[in-house]
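Rule-based calculations on the coordinates, nothing more; no lab input. Since we're looking at a predicted model, the values are computed, not measured. Positions of Cβ are generated from backbone atoms using ideal geometry, with glycine treated the same way; all protein chains shown enter the neighbour counts.
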C-alpha cells in the first residue's frame, strides 16, 4: 500500500467509523475493550476517550508512564485543531514539528499516530479516542479496531496493513 492509499483509507475510517452517540457508557465500552485487548496481548499502552470539554475514560497498562499521558494530551490537541486522525497528519505532513508560522507549539501539539476523531452524525467531530504506547501506526490500528468492534464492523476492512 502506498502513502496515498493509506491516507484514502484513513479518510474512509474517519467518515464511516462514526458513533451513533458518545457518552460515558459508550466510552467505557470502547475503552474497556482496548484495555482488555492490551492485557491479553501484553501491550503497554494508555487509552483515553474524551469529548472536547471532558475526559470520559482513561486507562493505562503496565509498562506505561507519565510520558504516555503527555503524548495523549498533545495528540488530542492535534486532532481537535486539524479535525483528522493524528496518523493521517503524520502521513500528510511528516513527524517533524510544525514551523512557528503554523501557530502551534510542539509543547502542545504532536504529529504522531494514535489520536482518532470521534464523529457523531449531526454533531460532527465532538471528541477523540487516543492510544499511546506503541509505534504510531499500531496505536492508530488499535483505536480503529476498537471502533470497528463497537460498531459491529469487520476490522480487517478498515485496518492499515502492517509495515
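For the reader, a short list of remarks on this structure follows.
- GNM flexibility winner over the chain from 83, 13, 101 (Cα, springs under 10 Å): 101
- For the chain, built as a Gaussian network whose Cα springs stay under 10 Å, the top-fluctuating residue of 90, 72, 107: 107
- Euclidean distance between Cα centres, segment 70-121 to segment 21-64, Å: 19
- Sites residue 40 and residue 12 - FRET efficiency at Förster radius 22 Å, r taken between beta-carbons, to 0.05: 0.20
- Mean Cβ count within 10 Å, highest first, over the residues of peptides 20-30, 152-162: 20-30, 152-162
- Within a Gaussian network of the chain (alpha carbon springs, distance under 10 Å), most fluctuating of 64, 51, 130: 64
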